[in-house]
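Below is one structure, written out as structure tokens; comments come after it.
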């Protein structure tokens, strides 16, 4: 009887583990827009970093995210844009490259852009958006494969979230990123419930919510 109970317990645990990515995926997918025209207006768009092609150039995936952010601003769907990325190294400063591209390439006014220099991971971006920037509601901008996890993470942290897919083309290593999302979903649970957040700074600055 004890062996049977143990086997059932192990099986139940494995089923739960297998179902976790599906739960995160379907929860987030229901809140993703594929067109900027139908996005409900909110105060803030959050753009997640996605790497650089070189020191001054966004990767293709990141550029597409900036395209969507600029379009949302032009359509009056958002009033502010928070760009969040990694700048651990001098030669890799995602937030400044994102900011400069929005201003110089997409004609977004500098004063509506906020720059978060410690968005090293999805979790960091979401918890800092809440605790440092005071954001309570946002539209998240990323590729379709990443958005379910981003939405799920931000919502679990108390930010009412929707997303706009920036999957405007096929990307190099795109299939690998999609597969990596499965492991990243498990990591998201560990981040939320088992680890303390990593902060640079910690004092709330001006709210981006109206």
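The values are calculated or read from the model by the stated rules, or taken from the named source; none is laboratory data. Bear in mind that the values here come from a model prediction, so they are computed numbers and not experimental data. Quick reminder, even Gly has a Cβ in these numbers, built from the backbone with ideal geometry, and neighbours come from all protein chains shown.
Within the range 128-142, the residues that satisfy the criterion of being surrounded by 19 or more Cβ atoms within 10 Å (Cβ to Cβ) and either out of contact with any strand residue (DSSP E or B) (no Cβ under 8 Å at 6 or more places or on another chain) or assigned to a helix (DSSP H, G or I) (or both) are 128, 129. Looking at 182, 132, 200, which is the one that is over 12 Å from the mean Cα position of the chain (by Cα) and modelled with pLDDT of 80 or more? Just a single option satisfies the conditions, and that option is 132.
When residue 145 is tested against (1) under 26 Å from residue 189 (Cβ atoms); (2) at pLDDT 95 or above; (3) assigned to a loop (DSSP other than H, G, I, E, B), just one condition goes unmet, and that condition is (2). Quick check: is even one residue across the range 75-96 assigned to a helix (DSSP H, G or I) and in contact with a helix residue (DSSP H, G or I) (Cβ under 7 Å, 6 or more places away or on another chain)? Within the range 75-96, not a single residue is assigned to a helix (DSSP H, G or I) and in contact with a helix residue (DSSP H, G or I) (Cβ under 7 Å, 6 or more places away or on another chain).
Only a single item in (1) more than 26 Å from residue 127 (Cβ to Cβ); (2) in contact (Cβ under 8 Å) with a residue 60 or more places away in the chain; (3) touching a helix residue (DSSP H, G or I) at 6+ places or on another chain (Cβ under 8 Å) is not met by residue 60, and it is number (3).
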